[in-house]
Amino acid sequence: MYQNLANGIDIYETLLGFDHPETADTYTKMAFAYQENGSFAAASPWIRRAFCVFFKCFGPHDDITLNAWEYLKAIETNIDSKLD
């Protein structure tokens, strides 16, 4: 599963760029996959990337950005990253 998601990320990054919402959606899916497996530290960089792209593309008040923020907080709190 992780390899398939990594391949998808490579394709989206190549075709659309790393800062495209579709690419960020794939970053989010990778983060979810790691989170579901209990690998919060591995999920963290992916949800951070996704949040940054959504924030840049849609702004701080869009529902997509706010949802990504909630996932980001949950993952970062779990690993006690001190990002707050």
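Which of the residues spanning region 24-44 are touching a residue at least 12 places away in the same chain (Cβ under 8 Å) and of a type outside the set (A, V, I, L, M, F, W, C)? Across region 24-44, the qualifying residues are Asp25, Thr26, Tyr27, Thr28, Lys29, Tyr34, Gln35, Ser44. Restricting attention to region 28-84, the residues that are among the polar types (S, T, N, Q), more than 22 Å from Glu13 (Cβ to Cβ) and crowded, with 19+ Cβ neighbours inside 10 Å add up to 0. Residue count for region 7-43, restricted to those that are touching a helix residue (DSSP H, G or I) at 6+ places or on another chain (Cβ under 9 Å), polar (S, T, N, Q) and either on the phi > 0 side of the Ramachandran plot or modelled with pLDDT of 95 or more (or both): 3.
Report the residue count in region 12-57 for those that are of a type in the set (Phe, Trp, Tyr) and over 18 Å from Met1 (Cβ atoms). Break it down into steps so the answer makes sense when it comes.
In the first step, residues of region 12-57 are kept if they are of a type in the set (Phe, Trp, Tyr); the result is 12, 18, 27, 32, 34, 40, 46, 51, 54-55.
Now restrict to residues that are over 18 Å from Met1 (Cβ atoms): 18, 51, 54-55.
Within region 12-57, residues that are of a type in the set (Phe, Trp, Tyr) and over 18 Å from Met1 (Cβ atoms) number 4.
Note on region 1-23: residues that are free of Cβ contacts under 8 Å to residues at least 40 places away in the same chain, in a helix (DSSP H, G or I) and either hydrophobic (A, V, I, L, M, F, W, C) or within 21 Å of Asp63 (Cβ to Cβ) (or both) total 7.
The values are calculated or read from the model by the stated rules, or taken from the named source; none is laboratory data. All values reported here derive from a predicted model rather than from experimental measurement. Quick reminder, even Gly has a Cβ in these numbers, built from the backbone with ideal geometry, and neighbours come from all protein chains shown.
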